[in-house]
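Colleague: Submitted below is the structure of interest, expressed as structure tokens.
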Amino acid sequence: MFWGVISLVLVVVTAVQPNGVTYIVFGKRLQLTDLVWRQFNLILLILLINLVWLGLAVSQLFSPELWSMYKLFVQPAILLVAPMLGAWWVTQKVAS
């Protein structure tokens, strides 16, 4: 549920600032186009929504031990790797 609430906050912020939360935090320091900010914002939103569904599926389909292993190891790994891959993909797409 936590990632669902964060996703809703991201959607509300996107309604106010179309470039997203990352633009609010890093927009002045990183001189990227609006297209890049919007694509990265979309990637983050998709990531968080998928974390909600994946967490729900793991909690319903597997034992509590496997669910705790998912929460302890898999989810943090996804949260570290996925935004970096998303940022790399968006900047590579824009550079070409």
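The values are calculated or read from the model by the stated rules, or taken from the named source; none is laboratory data. Owing to the predicted nature of the structure, the values given are computational and were not obtained by experimental measurement. In this analysis, Cβ positions are derived from the backbone assuming ideal geometry, glycine residues included, and neighbour counts consider all displayed protein chains. Accessible surface is based on the protein model in full, side chains and every heavy atom, while ligands, DNA and RNA are left aside. Shrake-Rupley method; radii C 1.70, N 1.55, O 1.52, S 1.80 Å.
Colleague: Express the carbon and sulfur contribution to the solvent-accessible surface of the chain as a percent, rounded to the nearest whole number, probe 1.4 angstrom.
Modeller: Whole-percent figure for carbon plus sulfur exposure: 77.
Colleague: Still on this structure, please answer the following. Under the 0.36 nm per residue contour assumption, what length would be gained going from the current alpha-carbon distance of residue 93 and residue 62 to full extension?
Modeller: 7.4 nm
Colleague: Within the chain, report the trypsin sites (Lys or Arg not before Pro) that DSSP leaves as loop and that have at most 10 other Cβ atoms within 10 Å.
Modeller: Within the chain, the qualifying trypsin sites (Lys or Arg not before Pro) (loop, at most 10 other Cβ atoms within 10 Å) are 28, 29.
Colleague: Using alpha-carbon pairs under 8 Å, 6+ residues apart, how would you state the relative contact order of the chain in percent?
Modeller: Relative contact order, the chain: 32 percent.
Colleague: Another question, then. From largest accessible area down, sort 52, 25; use a 1.4 Å probe on the protein chains.
Modeller: 25, 52
Colleague: Then there's this: Return one whole number: the accessible area per residue of region 9-54 in Å², for a 1.4 Å probe.
Modeller: 65 Å²
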